[in-house]
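The values are calculated or read from the model by the stated rules, or taken from the named source; none is laboratory data. Predicted model only: the values in this text are computed from it and were never measured. Methodologically, a virtual Cβ is constructed for each residue, glycine included, from the backbone with ideal geometry; neighbour enumeration extends over all protein chains shown.
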Amino acid sequence: MSENILEIRNLHATVGGTEILKGLSLTLPAGEVHAMMGPNGSGKSTLSYVLAGREGYEVTAGEVVYKGQDLLALAPDERAQAGIFLAFQYPVEIPGVANSVFLKAAVNAQRRGRGEPELDAMDFLKRAKVELAELEMDQEFLSRPINVGFSGGEKKRNEVFQMAMLEPTLAILDETDSGLDIDALRIVADGVNRLRAPDRSMLVITHYQRLLNHIVPDHIHVLAKGRIVASGGKELALELEANGYAAFTGEKSAA
Amino acid sequence: MTESATETLNTAQAHLRAFDALRSGLPGAGLDWLERLRADALGRFKDAGLPSRRLEAWKFTTLAALERAPFAPGPQAGGAPDALPELTETAARITFVDGRFDEGLSEISRPAEGVSVTTMATALANDPGALQGRLSQASDPAGSLWDLNAAFMADGAVIRLADGAALDQPIHLVFLASGTANRACHIRNLILLGTGARAQVVETYGNAADAAGAGFTSAVTDISLAEGAALTHARVQDESLKTVHAARAVVSVAGEAVYAGFALAMGAEVSRQETDLSFAAPDGHARLMGAYLGRGRQLLDHTTRVDHAVPGCTTEELFKGVLDDHAHGVFQGLIRVAPHALHTDARQKSQALLLSDRAAADTKPELEILADDVKCAHGATVGDLDDDALFYLMARGVPEAEARRLLIAGFAGDVIDSFDRGIVGAYLSACVANWQDRGTGDGHA
């Protein structure tokens with residue numbers, strides 16, 4: 001099946017009056033994993049927030065079609081219910097709200113949104129335990145407040161755990177590799193790879209090539225100054241690693 | 001009678017006029033020391049009057065509602081309790097309606113070894129000597145309400161644990177107002193824990209299901225913890241919105257004893273919950289926590305005073321408020337460290353969440369530190385719901401209203417988690433959920 005999950009056409013977006021995305025276009029077919037690479041300030045995180053519907057990220061031109069419908073018309077919770085998942089670069093700490101309470105509310109809000117019956121506490125717990133074990137996470141994690149006191153690695157694992165529980169159609173991973181040591185990177189990448197499926201697409205946003213050794217993408221796009229300047233196969237990542245972004249951005253290498 | 005028909009009294013006048021008629025019917029009538037205590041307290045109240053906002057301790061909180069109407073004590077009226085959350089397990093439950101013991105709504109048949117649970121009226125009748133010197137009065141003119149309570153105290157619970165006695169389940173004290181118009185209730189509780197004793201006591205102030213009239217509830221709980229004793233003490237104020245609620249816990253903490261207190265304010269038009277704690281010997285610990293949840297035009301005040309007069313004691317304070325509509329929250333925290341109270345460690349934190357532009361929070365930390373070599377800190381924040389947190393929840397599919405509800409519960413839940421993760425904590429969380437269920441909850445009403 002070659003249905004496109006996501007089609008972005010000529011997307012322009014501003015943050016605080018400054019234009020960050022300047023005509024970005026991208027097509028993501030079902031079942032494919034695309035990597036979005038680019039230097040700092042190229043608009044990678046802005047793209048992820050625009051897709052998730054964050055307030056303050058204003059689309060000034062272009063369109064985003066998700067499974068045939070206008071994504072930009074939906075509120076953030078409606079997008080999530082429709083199957084979009086953003087793994088945050090900086091997961092938020094929320095004292096007083098237990099992971100289990102939050103995640104059960106999210107799972108059931110999504111099931112309600114799709115007209116499916118809600119999971120009861122037992123079924124929820126059963127599923128959560130399986131996914132936690134896969135990610136080598138302790139069960140007591142469920143009763144801890146969301147991300148409070150978590151290490152960088154634990155926060156990222158929590159994102160992948162939520163993704164596994166919510167089974168999205170489109171997963172956007174925003175610099176999920178940042179702040180991870182090599183063991184945590186392997187666990188997180190394994191978790192992501194396990195979720196690859198013919199009916200699930202992923203957009204993996206990263207600054208470095210190293211994550212793509214673990215999550216091998218079908219396509220790589222290079223983002224610079226708010227626009228895609230190059231697209232290719234996985235060999236593109238190696239070229240970037242060797243030569244830096246300068247060749248694509250038209251600037252001298254900063255590092 | 002013709003007099004009262006032509007003249008509107010205030011609460012102070014109504015009490016002063018009622019005293020002579022009531023005194024012979026109050027518990028412990030005929031006991032010299034108690035008669036004297038009541039008369040002295042009334043005399044001081046007569047001089048001081050109701051506290052006004054001119055007093056520093058009352059600068060944020062007005063008792064104008066007591067000036068407008070003649071609240072006064074009167075006979076007990078019956079009433080079934082309104083739907084309130086229940087503790088999942090209790091060692092005993094004592095219910096008072098309009099400040100007087102209601103046997104039918106009580107269950108005190110299972111006292112454990114070394115544990116005595118009774119009423120103030122019974123204790124004064126059977127063993128008055130054990131209470132002499134234990135019942136507090138006001139410590140300064142700003143506390144004239146507590147003198148009024150001492151003069152008129154009608155009933156309450158008396159809980160005593162012998163040395164080494166321990167209760168695993170909480171004792172629940174329930175105080176219901178019948179809603180008889182202009183009724184004042186003066187409740188007095190006493191909790192005495194012997195050396196190394198351990199107990200949990202929950203006080204819940206609510207109203208009868210059909211309560212309609214305005215009322216005034218005054219409640220003082222005197223607490224003394226002997227060496228190494230530990231008390232977990234929660235006070236839940238969920239009275240009708242026509243009520244003025246004034247409560248005080250007076251706590252004395254001996255060496256290595258631990259007092260953990262939680263005050264939860266959700267009801268009443270005006271609510272003032274005070275804690276007045278002093279360390280009687282070195283190495284005691286106090287944890288004073290609380291939350292206020294306000295809507296409409298409620299005024300909810302938490303005021304604490306902690307006296308570090310001896311070395312090596314610790315105080316940890318955390319108060320959180322959620323304020324919607326025009327609600328007004330107040331936190332005042334005084335910590336006094338005497339010159340020789342070395343190695344004191346006192347930390348105080350207050351946080352308020354304003355859900356509406358018209359809600360307001362006043363915070364007054366006061367640290368009077370006269371000793372060197374102490375650790376003291378305080379911090380206060382006032383803010384709106386965290387947009388990042390709201391977006392995080394919504395990005396997982398949780399609708400905005402539910403996300404706001406989770407965050408508000410979490411904000412209050414955080415301080416409950418810090419206080420207790422057992423039966424008492426679960427009860428406090430249920431009370432917060434109950435408050436959320438019955439309200440508009442998001443400030444857009």
(request) Report, by residue number, each residue of the stretch A:92-131 that is buried (at least 19 other Cβ atoms within 10 Å of the Cβ) and within 22 Å of the chain's Cα centre (by Cα). (result) A:Ile94, A:Asn99, A:Phe102, A:Leu103, A:Lys104, A:Ala105, A:Ala106, A:Val107, A:Asn108, A:Ala109, A:Gln110, A:Ala128
(request) Scan A:Glu118, A:Glu58 and give me the residue that is out of contact with any Gly (no Cβ under 8 Å at 6 or more places or on another chain), closer than 24 Å to A:Ser143 by Cα and more than 12 Å from chain B (Cβ to nearest Cβ). (result) A:Glu118
(request) Assess whether B:Leu135 counts as being assigned to a loop (DSSP other than H, G, I, E, B) and either within 20 Å of the chain's Cα centre (by Cα) or closer than 19 Å to B:Trp33 by Cβ (or both). (result) yes
(message) I'd like the residue in the stretch A:180-200 that is of a type in the set (Val, Ile, Thr) and touching a residue at least 24 places away in the same chain (Cβ under 8 Å) and, out of all such residues, is surrounded by the most Cβ atoms within 10 Å (Cβ to Cβ).
(response) A:Val188
(request) Kindly indicate the residue of the stretch B:291-303 that is surrounded by fewer than 24 Cβ atoms within 10 Å (Cβ to Cβ) and either free of Cβ contacts under 8 Å to residues at least 40 places away in the same chain or polar (S, T, N, Q) (or both) and also nearest to B:Lys349 (Cα to Cα) among those meeting that condition. (result) B:Thr303
(request) Looking at (1) at pLDDT below 85; (2) in a loop (DSSP other than H, G, I, E, B), find the lone condition where A:Pro217 falls short. (result) (1)
(message) Can you report the number of residues in the stretch A:23-77 which are in a strand (DSSP E or B) and either in contact (Cβ under 8 Å) with a residue 24 or more places away in the chain or crowded, with 20+ Cβ neighbours inside 10 Å (or both)?
(response) 21
(message) Which count do you get for residues in the stretch A:1-18 that are among the acidic types (Asp, Glu), in a strand (DSSP E or B) and surrounded by fewer than 16 Cβ atoms within 10 Å (Cβ to Cβ)?
(response) 0
(message) Residue under question is A:Ser143, and the condition is that it be within 14 Å of another protein chain (Cβ to nearest Cβ), over 13 Å from the mean Cα position of the chain (by Cα) and surrounded by fewer than 21 Cβ atoms within 10 Å (Cβ to Cβ); does it hold?
(response) yes
(message) Which count do you get for residues in the stretch B:381-406 that are at the interface with chain A (Cβ under 8 Å from one of its Cβ atoms) and either assigned to a helix (DSSP H, G or I) or among the acidic types (Asp, Glu) (or both)?
(response) 12
(message) Restricting to the stretch A:58-74, count the residues that are farther than 25 Å from A:Gly31 by Cβ and in contact with a helix residue (DSSP H, G or I) (Cβ under 7 Å, 6 or more places away or on another chain).
(response) 1
(request) Scan the stretch B:363-371 and give yes if some residue there is within 14 Å of chain A (Cβ to nearest Cβ) and of a type in the set (Lys, Arg), otherwise no. (result) no
(message) Considering only residues that are more than 17 Å from A:Val192 (Cα to Cα) and in contact with a Leu (Cβ under 7 Å, 6 or more places away or on another chain), which ones fall in the stretch A:30-47?
(response) A:Met37, A:Gly38, A:Ser42, A:Gly43, A:Lys44, A:Thr46, A:Leu47
(request) Can you work out which of the residues in the stretch A:83-113 that are in a strand (DSSP E or B) and within 9 Å of chain B (Cβ to nearest Cβ) is nearest to A:Ala30 (Cα to Cα)? (result) A:Ile84
(message) Consider the stretch B:165-185. How many of its residues are among the charged types (D, E, K, R) and within 24 Å of B:Val244 (Cβ to Cβ)?
(response) 1
(message) Can you tell me which of (1) surrounded by fewer than 21 Cβ atoms within 10 Å (Cβ to Cβ); (2) more than 23 Å from B:Asp414 (Cβ to Cβ); (3) within 10 Å of another protein chain (Cβ to nearest Cβ) is the one A:Ala80 doesn't meet?
(response) (1)
